[in-house]
Amino acid sequence: MSAALFIEQLLNGLQLGFMLFLMAAGLTLIFGVMGLINLAHGSLYMVGAFACAIVAAATGSFWLGLAASLAAAAAAGAIIEVLVIRRLYARDHLDQVLATFALILIFSEGARWLFGSFPLYLDIPSALGGAVRLPGGATYSAYRLAIIGIGILVAVGLWLLVSKTRLGMRIRAGESDREMVAALGVDIGLLYTLVFALGAALAGLAGAMVGALQSVQVGMGEPVLILAFVVIVIGGIGSIKGALVGALLVGVTDTLGRFLLPRGFELFMGTSDAATVGAAIASMLIYLVMAVVLAVRPQGLFPANR
Amino acid sequence: MKLFAQLRERLAGPHERNATRQQGETFMKGVLAAGLSALIFGFAGPAMAEPVKIGMITTLSGGGAGLGVDARDGFMLAIEESGNNEVEVVIEDDAQKPELAVQIADKMIQSDQVDILTGIIWSNLAMAVVPNAVNQGVFYLSVNAGPSQLAGSMCHENYFNVAYQNDNFHEAMGQYANDTFEKTFILAPNYPAGQDSLTGFKRYYKKELAGEVYTQLGQTDYAAEIAQIRASGADSVFFFLPGGMGIAFTKQYSQSGLDIPLTGPAFSFSQDVLPAVGEAALGVKNSASWSKDLDNAANKAFVEAFQAKYDRLPSVYAAQAYDTARLILSALEKASVKDKEAFRAALKEADFDSVRGKFSFNSNNHPVQDIYVREVVKEGDVITNRIIGTAFTDHKDAYAAECGL
């Protein structure tokens, strides 16, 4: 195994990690600030991908599609917050899970009703179509490097927003004492809608960027949602820093596991069997990591101050 | 919908309803049924003849809905073209869930009293539904799924597969690779059909393998696998990744800049997914028992009628379902579905004009058919397939010997 291949796989892991971070950041923010479990987060991811595919097909520009995905997912997020989610803050988690699960079904069948059952076409922008030569002889897809770059930008931006701005201060205050913040004259309802729309926009952005790599179709959000939940459980629920570390840990573990485990088993069994057994264990690996983290630190790696 | 169908049935005169009944015995049964329902309904108009009921369980929601929608549309096209208003089709969505498919099958058999079941796309659903259904005396005709067990030790006289045995397309690609390449890299998802796929491929591919990789079911990012392919020194790639997985793989493969030839079974290059893959699929070689450019009259008429009715090109799933419906209709002309022995024999004759040209059943009620190699091409603005060769002539599956029929 060459160093170039290993570097390429490591980058693949980071890219998957940053994509998961975009999903998990919104999820953990919504859970941390509002105490709400939002199963429909994957649907917002799907909304972003569909919006990008449709606008890109109509205008021929991926970048307009990307802007549309942010706008559409944020709008969808704000609308469901006002219509549905707002009524759930005071309820227990089971009610929230039921209601947001219903939203998944509504979004899925709604998308099918509007756009049909067949997957949509979305390709990466031609400007990022090529590969970049990295030091050490490896080449890597420019588009995937761009995803890593956008992930870093979002991470820095979110950190600045939460720790340096007035809005961030209110978000943190709302997290620790909702009634007190409201009593001080902050419109807590508006604040929650904003946070929800922000989380939704990040999910939509992830959906649009990944949609260009994969297929844009109904139900694309649910597998990612499960991974995003694993990420926030590992990272500590409510913590942006935890979401970032958890996402990168899951991304790198998953990618390197898929790559290295079958090779490891090949040392003491046949190629075909090693491929089957390695693949089976690789698919469990992130859940094993989650179990270990929970056993050592039940609150996750970076528990939010609650 | 069902209500309307029944209403229509009642409004139709008795002559029209009995028009397609030919055998004396059936006619007697019809008279008997008419007498009985006249007793029940008193003087209420002309008595109802018992129609043939077909239950179609297929995937109409969720990520796999494209396949089920095509199968349904192909099937219903054949039924409508026949003008046979004795046939009633009950359609339900299984959402690609085995437990749901089992419930629907039970309901269709017990309360709808269907004579024939069909429509299942996925092998795991077929395994959950078919053995139980055929043991209750219902006929099952597969429009797509063809798990090896049902072709071998678990075959049944009431189970007919009109599509293929799961291994067939992979075997064809193995044969093609064996003739064309020296060092192939193969990959498939880690689940029964994926393992069957690579087994089927290796049954005919006897040269060196550059690598063999199993991916996770539902995986959507293949960067790690593509990096391995690049490093392996392969001269070609064979992959089986149905649904969204294949779309993702083909796009990412094309974006990676690798220019090793890509091959696979038709599932990832079928007309239902090609528009979503786009030009990334151009030039890919894939295997199927059908293609829209197959030169026979039945196929030309089918492609034209499908396009006219649904405003899109048919996929291989639509073609298989269309053939299934035409097989049922051909058998109904020869025998009543209530006379199981005669109907079974009529099905086995496969006396219909298949869109695949020639079609017959092997001893285990699975197809004997040609399997072609197709290439993805662009015709005007439409990305589609054309046939470039024949991998197998009169191909039979590998499991028939294990079947006791």
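The values are calculated or read from the model by the stated rules, or taken from the named source; none is laboratory data. In this text the structure is predicted, and so the values were computed from the model without any measurement. Glycine gets a Cβ as well: all are built from the backbone with ideal geometry, and neighbour counts include every protein chain shown. Just so you know, the surface numbers come from the protein's heavy atoms only, side chains and all, with ligands and any DNA or RNA stripped out. Shrake-Rupley method; radii C 1.70, N 1.55, O 1.52, S 1.80 Å.
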Practice problem: Provide the per-residue ³J(HN,Hα) series for segment A:66-74, in order, calculated from phi with Karplus coefficients 6.51, -1.76, 1.60 and θ = phi - 60°, each as a whole number of Hz, with x at glycine and proline positions. | Solution: 5, 4, 5, 5, 4, 5, 5, 5, 4
Quiz item: Which of the listed residues, A:105, A:239, A:259, is farthest toward the dipole's positive end in chain A, when Lys, Arg count +1 and Asp, Glu count -1 at the beta-carbon?
Solution: A:239
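What FRET efficiency, computed as 1/(1 + (r/R0)^6) with R0 = 45 Å and r the Cβ-Cβ distance, is obtained for residue B:379 and residue A:64, rounded to the nearest 0.05? Don't skip to the end; give the middle numbers.
Working: r = 29 Å, r/R0 = 0.65.
Plugging the Cβ-Cβ distance into 1/(1 + (r/R0)^6) gives 0.95.
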Practice problem: Give the ranking of A:265, B:169 by solvent-accessible surface, highest area first, calculated with a 1.4 Å probe. | Solution: A:265, B:169
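Relative contact order of chain B, please, whole-number percent, based on alpha carbon pairs below 8 angstrom and at least 6 residues apart.
On the way: 796 pairs, mean separation 65.8, N = 405.
Relative contact order, chain B: 16 percent.
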Quiz item: Near residue B:292, which lysines are there with a Cα under 25 Å away, not counting those fewer than 8 places off in the same chain?
Solution: B:251, B:300, B:309, B:358, B:378, B:396
Quiz prompt | Heavy atoms of residue A:82: accessible area, 1.4 Å probe, square angstrom to 10 | solution = 60 Å²
Practice problem: Leaving ligands, DNA and RNA out of it, work out the accessible area of residue A:239 with a 1.4 Å probe and give it in Å² to the nearest 10. | Solution: 10 Å²
Quiz item: By the scheme Lys and Arg +1, Asp and Glu -1, what is the net charge of all other residues having a beta-carbon under 14 Å from that of residue B:68?
Solution: -3
Exercise. Provide the FRET efficiency to the nearest 0.05 for the residue B:183-residue A:95 pair, computing r from the beta carbons and using R0 = 51 Å.
Key: 0.35
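Using a Förster radius of 30 Å, what is the FRET efficiency between residue A:71 and residue B:91 based on their Cβ-Cβ separation? Nearest 0.05, please. Show your work: numbers first, answer last.
On the way: r = 38 Å, r/R0 = 1.27.
E(calc), rounded to 0.05, equals 0.20.
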Self-check item: Positive-pole candidate from B:61, A:274, A:155, dipole of the protein assembly as shown, charges at beta carbon
Solution: A:155
Quiz prompt | Cα-centred dipole magnitude for segment B:234-381, charges only on beta-carbon of K, R (+1) and D, E (-1), debye, nearest 20 | solution = 420 debye
Quiz item: Placing +1 at every Lys and Arg Cβ and -1 at every Asp and Glu Cβ, with all other atoms neutral, what dipole size does chain A have around its Cα centre, in debye to the nearest 20?
Solution: 560 debye
Practice problem: With a ≥ b ≥ c taken as the square roots of the eigenvalues of the C-alpha gyration tensor of segment A:3-219, please select rounded if a/c is under 1.5 and otherwise prolate if a/b is larger than b/c or oblate if it is not? | Solution: oblate
Quiz prompt | Relative contact order for segment A:3-219, counting Cα pairs under 8 Å that sit 6 or more residues apart, in percent | solution = 42 percent
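Report the extension gain between residue A:133 and residue A:3 in nm, rounded to one decimal, defined as 0.36 nm multiplied by the number of residues separating them, less their alpha carbon distance.
45.4 nm
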Self-check item: Exposure of residue B:220 as accessible area (Å², to 10), given a probe of 1.4 Å and all protein chains
Solution: 50 Å²
Exercise. State, to one decimal in nm², a quarter of the convex hull surface area for the C-alpha atoms of segment B:197-300, i.e. the direction-averaged projected area.
Key: 7.5 nm²
Quiz item: lysines within cross-link reach of residue A:241: Cα-Cα under 29 Å, excluding same-chain residues under 8 positions apart?
Solution: A:164
Practice problem: With unit charges on the beta carbon (Lys/Arg positive, Asp/Glu negative), name the residue among B:280, B:142, A:20 whose Cα is farthest towards the positive pole of the charge dipole of the protein assembly as shown. | Solution: A:20
Self-check item: Neighbourhood net charge (13 Å Cβ-Cβ; Lys/Arg +1, Asp/Glu -1) for residue A:143
Solution: 0
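Could you work out, residue by residue across A:108-117, how many beta carbons of other chains sit within 10 Å of that residue's beta carbon, and then give the average as an integer?
Numbers: counts 4, 2, 0, 0, 5, 0, 0, 0, 4, 13.
Average per residue, whole number: 3.
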Quiz item: Where a Cα-Cα gap under 21 Å defines reach, which lysines qualify for residue B:207, not counting those fewer than 8 residues away within the same chain?
Solution: B:183, B:285
Self-check item: Between helix B:244-255 and chain B: long-axis angle, C-alpha atoms, 0 to 90°, nearest 10
Solution: 30 degrees
Quiz item: Hey, rough spin-label estimate for residue A:177 and residue A:260, points 7 angstrom out along Cα→Cβ, what's it come to in nanometres?
Solution: 4.8 nm
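Before anything else, pin down the relative contact order of segment B:269-405: Cα pairs under 8 Å, at least 6 apart, normalised by residue count, whole percent.
Numbers: 208 pairs, mean separation 41.2, N = 137.
It comes to 30 percent, rounded to a whole number.
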Quiz item: With charges set only on the Cβ (+1 for Lys and Arg, -1 for Asp and Glu), what does the dipole of the protein assembly as shown come to about its Cα centre, in debye to the nearest 20?
Solution: 1740 debye
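Quick one: in the protein assembly as shown, what % of C-alpha pairs are over 37 Å apart?
Considering the protein assembly as shown, 44 percent of its Cα-Cα pairs are separated by more than 37 Å.
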